[in-house]
1. Kindly work out what percent of the DSSP beta bridges joining two residues of the chain are antiparallel, to the nearest 5.
2. ALA212 label point, 7 Å along Cα→Cβ, cut-off 19 Å on backbone N: hits in the stretch 225-239?
3. Show that you can apply the helix-only estimate: for the chain, add -39,500 (n - 2.57) for every DSSP H stretch of four or more residues, divide by all residues, and state [θ] at 222 nm to the nearest 500.
4. For a Förster distance of 30 Å, can you work out the FRET efficiency between the beta-carbons of HIS205 and VAL123, rounded to the nearest 0.05?
5. Obtain the nm distance between the two label points defined at THR63 and SER150 by a simple spin-label model: each point lies 7 Å from its Cα along the Cα-to-C-beta direction.
6. Rounded to the nearest 20 debye, what is the charge dipole size of the chain about its Cα centre when +1 sits on each Lys and Arg Cβ and -1 on each Asp and Glu Cβ?
Amino acid sequence: MTEALLVAERLSRRFGGLSANEDVSITLERGRLHALLGPNGAGKSTCINLLSGDLAPSSGRITYKGRDITHLSAPQRSRVGIGRSYQRTNIFGGFTVLENCRLAAQSRRQRAWRLFTDACALVDTLDKAREVIAEAGLEGREDRIAGTLSHGEQRQLEIAMVLATDADVLLLDEPLAGMGSEEATRMVALLDRLRRTRAILLVEHDMDAVFAVADTITVLVNGQLLASGPPAQIRANVEVQQAYLGDEAFHV
Ligand SMILES: Nc1ncnc2c1ncn2[C@@H]1O[C@H](COP(=O)(O)OP(=O)(O)OP(=O)(O)O)[C@@H](O)[C@H]1O
Ligand SMILES: [Mg+2]
C-alpha cells in the first residue's frame, strides 16, 4: 500500500492573461518518484512553486497527509515536511558544507534561532547535518567551503540541505542541470536511494535519467496536463511523442 503524502487538485495559476498552470492535479506518494516533464515554459517550475508555497494558486487545493495546506506559506510548508530545491543553485557559497546543512536544519527547528538557544538544540542540528551530509554522499567534504565544490557536489549539497529540514516530500527542480554524465549518474543513484523513504517530484530534461528512475511521469504542455502514468505508457503516448518531436527518447 502506498501512502499519498501530497495531493494537489486542479491547481491553476494565472499571470495576467497567461495560464502558467491550469487544472493540474498531481499526487506524490511515499516510496515513489514522480517526474514532471514538459518543454521550456510548460509550467513545471510554476507547479513546484505552487506545491512549495512560493506561489499562491489562483484556484485549486493542496493537502499534505490529509490536511489542507493550500494557504500555508513556504516556510510553514517547509516546517511540516515539504522541501524543495531550486532550478538555480541556492547555497551559501562562503560557508562550509557543514554550516550550510546546520543552517538548513535550524530553519526547521525554529527554537534554534532564539538568542538563548540551549546546547541540546545545537548538538541536535550538528548531528542532523552530519547525517544528511552522509546520506547525500558528501562524507569527507564537511569542512569544504561550499563555493569551491564541483558543480555536481553543490547540487548534492542542496539536496542535503533539503534533507536537513526533515522533509519527506522533496520537490526538485532540475537537480541534474549542468552536470556531466558521471555526476548525473551519481545523482540518479542518490535520488533512487532517497525515494525509498520519501516522496519525490523531479523536474528534469534529461530523458535517460527520467526513464531510468521515475515510477510515474506527468507531462505538462502549455500549463496543462497532457498525460500521466507509468514510464512505458508515457513513452508510447502519441500526443507526448508529438510534444517531444525529434527527441530520441520517444523514438519507438
Ligand atoms: N512570476 C512570473 N510572472 C509572469 N510570468 C511567469 C512567472 N513565472 C513563470 N511565468 C511564465 O509562466 C510560464 C511557465 O513558466 P515555468 O517557469 O513554470 O516553465 P518551466 O516549465 O519551468 O520552463 P523551463 O523548462 O524553461 O524551466 C512561462 O510562460 C513563464 O514565462
Ligand atoms: Mg523551470
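What follows draws every value from the coordinates through simple rules; no lab data is involved. This one's a predicted model, so the numbers in the text were calculated from it and none came from an experiment. Here the Cβ is made from the backbone with ideal geometry for all residues, glycine too, and neighbour counts use every protein chain on show.
1. Details: 21 of 39 bridges.
The antiparallel fraction comes to roughly 55 percent.
2. Output list for this probe position: 231-232, 235.
3. Details: 9 runs with 92 residues, N = 252.
Helix-only estimate at 222 nm: -11000 deg cm²/dmol.
4. On the way: r = 41 Å, r/R0 = 1.37.
Efficiency, rounded to the nearest 0.05: 0.15.
5. 4.5
6. Values: 29 positive and 32 negative charges, 182 e Å.
The dipole magnitude comes to about 880 debye.
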